[in-house]
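In what follows, a single structure is set out as structure tokens and then discussed.
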Amino acid sequence: MRKLHFHPCGNFKESYEEELTIFETDFGRAWLLVGLAILFVVVPLFASQYTLYILNTIGIYSIAAIGLNLLIGYTGQISMGHGAFFGVGAYAAAVFYTRFGMPFWAAIPAAGVFTALVGMIFGIPSLRLKHLYLTIATLAGQFIIEYVLVQWDGVTGGAEGIPLFKATLFGIKLNSDLKFFFVIFTLLVLLTWIAVNLIRTRFGRAFVAIRDNDRAAEGMGIPIFKYKLLSFGISSFYAGLAGGLFAFYMMIITPEPFNMWLSIEFIAIIIIGGLGSITGSILGTIFIVSLSEILSLTTEVLMNLDAFAGSSISIAPLREFVFGLTIVLFIIFEPKGLAEIWRIVRSSFRLWPFSY
Amino acid sequence: MEFFLHLLVNGVSLGFLYALSALGFVMIFKSSSILNFAHGELLAFGAFLFLVLSTWAGLPIILSFVLTLLGSFLLGFVIERLFLRPLIGEDLIQVIMLTVGLATMFKGLLLFIFGGDIHQYPKFLPDELTLKFDVIEIPSVYVATFIIGLVFLLLFGLFFKYSSQGIYMRSVADNQLAAMSLGVHVRRVFALSWAIAALVAAMSGIVLGIINGINVHELSSIGLKVFPVVILGGLDSIGGAILGGIIIGLLETFTGGYISTSLREIIPYLVLIVILMVKPYGLFGLKEIERV
């Protein structure tokens with residue numbers, strides 16, 4: 001048996017392989033297994049319908065957020081069109097499923113691939129554009145996709161959208177939140193694993209090189225346009241998968257949810273979670289989804305109070321206000337996000353009691 | 001022919017409004033290279049402040065106009081001081097998201113106070129301003145807009161050319177480091193540019209409010225229309241913003257008139273993508289040559 005490693009009291013790495021390891025100690029690996037066991041065994045036993053609904057939402061959004069973090073956090077290409085790509089995935093899955101009769105297990109990856117292609121088309125401007133010009137181009141992409149979703153009613157059903165039947169996977173009807181929970185979280189674990197490992201490959205290193213200094217990256221022989229497109233593709237693939245899951249989970253899709261606000265929400269998630277951190281994307285999703293749930297609950301409670309009964313319409317915008325305020329406070333006080341807070345907490349435990 | 005002239009007049013007027021809205025945006029970008037997603041909310045803030053002062057508090061129109069401009073000036077100052085100052089030197093995405101967060105915040109606040117309904121100003125423009133050329137009639141609002149716009153453009157032109165603060169602002173826009181080493185207080189210039197931008201935004205907000213009624217959603221969506229306008233004209237060119245505004249305005253009304261009304265909303269963004277691909281720095285933008 002291997003010797004168990006404890007956290008060292010500083011940075012004593014001697015080789016590049018050590019730097020690249022995901023788990024610094026075997027305890028990390030063990031804790032991950034414990035966490036997965038709790039997630040897949042304990043949570044489904046005790047969670048209520050409502051908790052499962054929130055967990056599923058977190059799962060779906062996390063997948064999309066990881067994709068966006070690969071694009072913004074690792075490759076440094078700011079995209080304001082991720083919400084639209086999420087929508088493209090949802091519509092692609094719905095159309096593949098209802099029109100072409102694809103089964104559930106094929107429709108979801110097909111939606112991912114289709115969205116990846118669309119994402120690469122909207123990534124083409126990155127050939128010539130950088131920074132804020134690219135941001136504006138993707139913003140235009142968002143509006144154009146939204147327009148297509150509403151206007152191309154032969155395929156997308158226009159404003160009425162597309163209703164979906166209950167999906168079946170391996171002969172099991174996915175008709176409850178619990179069954180969806182297993183599908184969503186299996187995919188999330190798988191995709192997280194892929195993303196974490198992708199960053200350690202030549203592709204991931206090329207992405208980071210492009211983010212840090214594109215001119216130097218080009219000089220080192222990295223074909224940056226190819227890698228930028230690839231990054232757009234991978235990121236949209238994640239968005240498309242998540243969108244497909246969303247479509248099947250919601251049972252009906254309309255163009256409204258996939259507006260610019262959703263794109264902004266995704267960016268808020270990865271900023272609050274931490275740019276350039278896969279864990280951060282998940283932490284950020286947990287934070288944002290819980291925040292908006294708490295805000296809607298508070299709004300509901302307030303509206304039911306007698307004192308506010310007359311002003312029922314005007315309380316909902318408070319959600320928007322708090323949301324904006326959270327983003328602003330995070331950017332000013334902890335620009336590296338929850339991932340950084342998590343790191344600080346961990347290292348203060350590790351270095352205790354001599355933390356200086 | 002009459003239809004064509006009608007569209008032409010509408011397009012130019014609409015374009016002039018876009019241009020006016022884009023002015024403040026360009027001003028912020030020119031001095032501090034910040035892409036301001038909260039511009040629409042600045043417009044809305046001005047429009048609502050004017051509503052409160054003129055209608056709810058019942059102050060005379062001229063006085064409330066001046067007070068609105070002053071209030072927005074202060075708001076711009078405070079925004080820069082509280083939110084943007086800590087971010088000097090941070091990554092682009094942080095700054096962009098900060099303005100997005102500010103936009104959400106302001107929008108929520110305005111919706112909370114005023115609701116999502118359309119409010120109206122009392123009628124105060126004299127009818128004599130309405131211009132008539134046999135078949136074409138230009139409403140008094142547009143004429144007033146045109147006059148106000150021209151006066152302010154002239155004032156800004158003079159301000160930038162002759163006043164010391166204006167010269168400081170131009171120097172910072174040209175080269176921050178050089179300006180700083182020559183003793184220009186760069187941070188004060190940033191604050192001033194935000195204040196002036198908010199002031200211009202308030203003015204365009206009021207004008208838009210007179211024409212379409214004041215509605216939070218409507219005004220904040222104008223803030224996004226500004227992007228095609230400024231990209232077309234060049235992000236850092238005031239003249240470009242005006243020309244870009246008029247071109248986009250014409251494009252919108254002609255598409256709406258001759259092709260389809262639903263395409264009207266999206267055409268500026270289609271043009272935007274084409275321009276970005278062909279001529280990323282716009283018609284009059286400063287070209288930064290960089291081959292990557």
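FYI, it's all coordinate maths here, none of it is from the lab. Please read these numbers as outputs of a predicted model, since none were measured by experiment. Neighbour counts are summed over all protein chains in view; Cβ atoms, including those assigned to glycine, are modelled from backbone coordinates with ideal geometry.
A Förster radius of 41 Å combined with the Cβ-Cβ distance from A:Y53 to A:Y16 puts the calculated FRET efficiency at roughly 0.40.
Order the peptides B:197-209, B:97-109 from the highest to the lowest mean number of other Cβ atoms within 10 Å of their residues.
Numbers: B:197-209: 28.1, B:97-109: 23.9.
By packing density, highest mean first, the sequence is B:197-209, B:97-109.
Segment B:213-292 and segment A:271-295 have Cα centres spaced 34 Å apart.
Computed from the alpha carbon atoms alone, the convex hull of the protein assembly as shown holds 201 Å³ per residue.
Split chain B at each of the GluC sites (Glu not before Pro) in a DSSP loop with at most 15 other beta carbon atoms within 10 Å, and the longest piece is B:91-287. Spin-label pair B:I113-B:I88: with each label point 7 Å from Cα along the Cα-Cβ axis, the two points sit 2.9 nm from one another. Centre-to-centre separation between the Cα atoms of segment A:187-204 and those of segment B:47-93: 47 Å. Segment A:30-76 has equivalent-ellipsoid semi-axes of 27, 16, 5 Å, by the square roots of 5 times the alpha carbon gyration tensor eigenvalues, sorted largest first.
Shape analysis of chain A places it in the rounded category; the axes a ≥ b ≥ c from the Cα gyration tensor give an a/c below 1.5. Peptide packing: for A:204-212, A:42-50, A:55-63, the average count of neighbouring Cβ atoms within 10 Å per residue gives the ranking A:55-63, A:204-212, A:42-50, highest mean first.
From the square roots a ≥ b ≥ c of the eigenvalues of the alpha-carbon gyration tensor of segment A:97-226, which class results: rounded (a/c under 1.5), prolate (a/b over b/c), or oblate? Show your work: numbers first, answer last.
Working: a/c = 3.07, a/b = 1.47, b/c = 2.08.
Note, shape of segment A:97-226 comes out oblate.
Of the cross-linked pairs A:K130/A:K226; B:K107/B:K279; A:K226/A:K336, those separated by over 22 Å at the C-alpha level are B:K107/B:K279; A:K226/A:K336. So what is log10(I(q)/I(0)) for chain B at q = 0.12, 0.15, 0.16 1/Å, when the Debye sum runs over its Cα atoms only? For chain B at q = 0.12, 0.15, 0.16 Å⁻¹, log10 I(q)/I(0) is -0.79, -1.23, -1.39.
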